[in-house]
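First comes the structure, then the notes that go with it.
Rule-based calculations on the coordinates, nothing more; no lab input. This structure is a prediction, so every number in the text was calculated from the model and none was measured. In this analysis, Cβ positions are derived from the backbone assuming ideal geometry, glycine residues included, and neighbour counts consider all displayed protein chains.
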Amino acid sequence: MSIKNNLQHIKASLPPHVTLVAVSKTKPISDLMEAYNAGQRIFGENKIQEMTDKWEEMPKDIEWHMIGHVQTNKVKYMAPYVSLIHGVDSLKLLKEINKQAKKHNRVINCLLQMHIAEEETKFGLNQNELNELLALEEFKSLKNIKVTGLMGMATFTEDENRIKKEFTYLKSIFDELSIQPQTLNFKPETLSMGMSGDYQLAIACGSNMVRIGSSIFGARNYAE
Ligand SMILES: *Cc1c(COP(=O)(O)O)cnc(C)c1O
């Protein structure tokens, strides 16, 4: 199957309220252009340098999403153009994004990454840390970032019940946020969960943004 076919197949299977992020990390620009020419306009990358190289070379009507762990010292490279940063999990990082966004006169949308998986290795906040962060005056004072939702990754397992439990838990946190009063920099509407192996389950559990890589572009040439 070609990239175009894969993309069309996946898009046809998504309900209209679900946004598709085509995860193109490690893939060459020719592959991204094949998806672009088939109509895809949102791409996700996990390395700032690689994303910036691609942004420079590719059409400017693309929305670039940073889906990987972000190092504070690299925020400046994507601040001019990034559309959404999925993996934000500290005030320190939010402050740096705010600072760099301000230099470019922008407001950068961010998702707070929640730790929902069993594994210790994954990044993210727990529910207490999330509520503490959102309650901080220092957070409320940040004018050049906007928290537009949550992101999470389920445990890497074959156990569907486990994954379902984790997605359902994340959805419940999202629902609690959604009934809190919105402010200038807090407007939760996006729940980013689901990848190639589990996006259908994620959607069934309430996801409205899926991050799909290998099912569109094929397997990647490295172990993650
Ligand atoms: C790589 C990656 C994806 C896409 O994974 P696939 O299994 O190839 O669909 C989604 N989300 C994050 C955070 C990733 O790093």
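Points worth noting:
- Using a cutoff of 8 angstrom between alpha carbon atoms and counting only pairs six or more residues apart, the relative contact order for the stretch 3-215 works out to 18 percent.
- Between the amide H of Thr155 and those of Glu118, distances stay under 5 Å, these residues lying 5 or more places away or on another chain, with hydrogens modeled in the peptide plane.
- Compactness of the chain - radius of gyration and Dmax, Cα, Å: 16.8, 51
- Loop sites in the stretch 160-190: chymotrypsin sites (Phe, Trp or Tyr not before Pro), DSSP, at most 15 other Cβ within 10 Å: none
- Within the shell defined by Cβ-Cβ distances under 15 Å, the residues around Leu136 carry a net charge of -1, with Lys and Arg each +1 and Asp and Glu each -1.
- Span-like helix ranges in the chain, DSSP H, alpha carbon extent 30 angstrom or more, Kyte mean at least 1.0: none
- Residues whose placed amide H lies under 5 Å from that of Ser192, excluding near-sequence neighbours: Leu150, Met151, Gly152
- Beta bridge orientation in the stretch 3-215: antiparallel %, DSSP, nearest 5: 5
- Cross-link partners of Lys95 among aspartates and glutamates (Cα-Cα below 13 Å; sequence separation of 8 or more within a chain): Glu137, Glu138
- Set of lysines with alpha-carbon distance to Lys165 below 20 Å, sequence-local pairs under 8 removed: Lys122
- Under a Gaussian network description of the chain, with springs only between Cα atoms under 10 Å, the residue in Asn109, Asn144, Asn131 that fluctuates furthest is Asn131.
- Cα-based Kirkwood hydrodynamic radius, the stretch 98-224, one decimal, Å: 15.7
- Applying a threshold of 18 Å to the alpha-carbon distances of Lys92/Lys171; Lys140/Lys171; Lys47/Lys187; Lys99/Lys146 flags Lys92/Lys171; Lys140/Lys171; Lys47/Lys187 as lying beyond it.
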